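Taking it in order: structure first as structure tokens, then the write-up.
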Amino acid sequence: MRLPGTRLTVRTATTADRQRLANLIHFEIYVHRHLDWRAPLDWLGQTPYLIAEHGNQLSAALACPPDPPSVAWVRLFAASSSTSAERVWEIIWPKAKADLEAHPELTWVAAIPLSQWFETLIERSGFSLSHHVVMLSWESKTPLPPVPKTLASIRPMVNDDLTEVQKIDQAAFPEVWRNSRECLELAFRQAAIATVAMVDGNLVGYQISTATPMGGHLARLAVLPAEQGKGVGASLVYNLLTGFIQRGAQSVTVNTQQDNHASLKLYAKAGFHFTGEIYPVYQQHLEH
Ligand SMILES: CC(C)(COP(=O)(O)OP(=O)(O)OC[C@H]1O[C@@H](n2cnc3c(N)ncnc32)[C@H](O)[C@@H]1OP(=O)(O)O)[C@@H](O)C(=O)NCCC(=O)NCCS
């Protein structure tokens with residue numbers, strides 16, 4: 001697609017663009033990357049994944065394929081310093097949005113801007129600030145919380161648990177924070193400690209944590225709504241903290257929504273404290 005009044009051409013990226021995309025992502029300054037289980041290049045082949053070119057020169061890339069089907073996170077926006085990030089965004093975003101509107105199941109497009117320049121761009125394009133995500137940290141010098149009283153038993157997650165894990169994820173999280181089955185599989189494969197909580201032989205909760213240079217990061221935690229408030233979440237957290245202590249971790253981090261009172265209370269009781277890092281979450285409702 002040749003754009004009127006410009007010499008920029010926008011088209012869907014292909015695997016043949018991989019090396020040029022890698023250079024754009026690694027060497028340019030104006031790069032927004034989603035905090036993701038996949039690297040930006042791993043989304044190649046899914047749509048929309050658009051690139052803007054000026055002749056043979058790659059000017060920008062924008063990837064926001066839906067996953068799960070109702071939510072499209074902006075996974076990547078990168079602009080070359082040879083162009084204006086603002087100008088190329090104004091050309092490439094409407095094309096991506098038109099592609100997204102063709103997905104009937106899609107409700108939200110969302111982004112977590114980590115830089116002011118990207119926040120400004122999306123604010124001008126109809127995204128609204130929805131809420132914030134805060135970062136908390138637990139230090140291994142903090143005494144472990146008292147063992148929670150619960151009927152749940154905790155065991156390592158296995159591949160066959162993923163169907164039930166996804167059901168819990170769907171039931172427990174608000175729409176925009178749900179993970180697809182594929183995403184949960186990726187998370188499970190990258191986990192340092194992944195566990196499930198069982199009550200009467202039924203899977204009622206899960207957590208997935210990854211290794212970090214300082215210890216660990218609790219990436220996913222959810223309890224079936226009917227089983228919440230019975231100490232299951234606290235048991236999962238206690239168990240993973242014990243696991244990370246055994247591995248010599250110095251700290252364990254977690255992110256949660258600033259208005260998620262249940263998780264904030266749970267983390268505070270477990271000894272987590274706010275690090276001061278806070279990230280805005282922007283959303284745009286898509287009309288079909
Ligand atoms: C957060 C979550 C995992 C907590 O699991 P849980 O099994 O209900 O937690 P627990 O029963 O172990 O409760 C731990 C503490 O949090 C408190 N808590 C639990 N639900 C609460 C709620 N809705 N409001 C306020 N406090 C709550 C409990 O009161 C308890 O403190 P207490 O012992 O002083 O009573 C669960 O609410 C959930 O799955 N939420 C949706 C997914 C989510 O937000 N995950 C975390 C994202 S990082």
In degrees, nearest 10, range 0 to 90: what is the angle between the Cα axis of helix 232-246 and the longest Cα principal axis of the chain?
90
Find the relative contact order for the range 1-152 and round it to a whole percent, using C-alpha pairs within less than 8 Å whose residues are 6+ positions apart.
20
H54 accessible area, nearest 10 Å², 1.4 Å probe?
70
To the nearest 10 degrees, the tilt of helix 18-27 (Cα long axis) against the first principal axis of the alpha carbons of the chain is 80
Answer rounded, prolate or oblate for the range 145-282, using the Cα gyration tensor with square roots of eigenvalues a ≥ b ≥ c: rounded when a/c is under 1.5, else prolate when a/b is larger than b/c, else oblate.
rounded
For the chain, what Kirkwood radius comes out of the mean inverse Cα-Cα distance, in Å?
20.4
Straight-line reach from K141: which lysines have Cα under 21 Å away, leaving out those fewer than 8 places along the same chain?
K265, K269
Normalised by the number of residues in the chain, what is the relative contact order in percent for Cα pairs under 8 Å and 6+ residues apart?
21
Taking the Cα atoms of the range 40-81 alone, what are Rg (to one decimal) and Dmax (as a whole number) in Å?
11.2, 35
Whole-Å semi-axes of the range 68-221's equivalent ellipsoid, largest first, each the root of 5 times a Cα gyration tensor eigenvalue?
36, 20, 14
Taking Cα atoms only, helix 261-270 is inclined relative to the longest principal axis of the chain by an angle, in degrees rounded to 10, of 50
Taking GluC sites (Glu not before Pro) as candidate sites, keep only those in a DSSP loop with at most 12 other Cβ atoms within 10 Å, then name the longest stretch of the chain containing none of them.
106-286
Which residue, R38, R75, R181, tops the fluctuation ranking in a GNM of the chain built on C-alpha contacts under 10 Å?
R38
Segments 230-236, 16-22, 251-257 sorted - mean Cβ within 10 Å per residue, highest first
230-236, 251-257, 16-22
Summing -39500 (n - 2.57) over every DSSP H run of at least 4 residues in the chain and dividing by its residue count gives a helix-only mean residue ellipticity at 222 nm, to the nearest 500 deg cm²/dmol, of -9000 deg cm²/dmol
Just grab the label-to-label distance for K141 and T14, each label 7 Å out from Cα along the Cβ direction, in nm (one decimal).
5.8
Give me the distance in nm between label points sitting 7 Å out from Cα along the Cα-to-Cβ direction at M198 and Q116, one decimal.
5.3
What's the center-to-center distance, using Cα atoms, between the range 58-81 and the range 256-288 in Å?
23
The range 33-45 - phi-based ³J(HN,Hα) in whole Hz, Karplus 6.51/-1.76/1.60, Gly and Pro as x
10, 6, 6, 9, 6, 10, 6, x, 5, 6, 7, 4, x
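The values are calculated or read from the model by the stated rules, or taken from the named source; none is laboratory data. This is a predicted model, so every value here is computed, not measured. Cβ atoms come from the backbone with ideal geometry, glycine included; neighbour counts cover every protein chain shown. Accessible surface areas use protein heavy atoms only, side chains included; no ligands, DNA or RNA. Shrake-Rupley method; radii C 1.70, N 1.55, O 1.52, S 1.80 Å.
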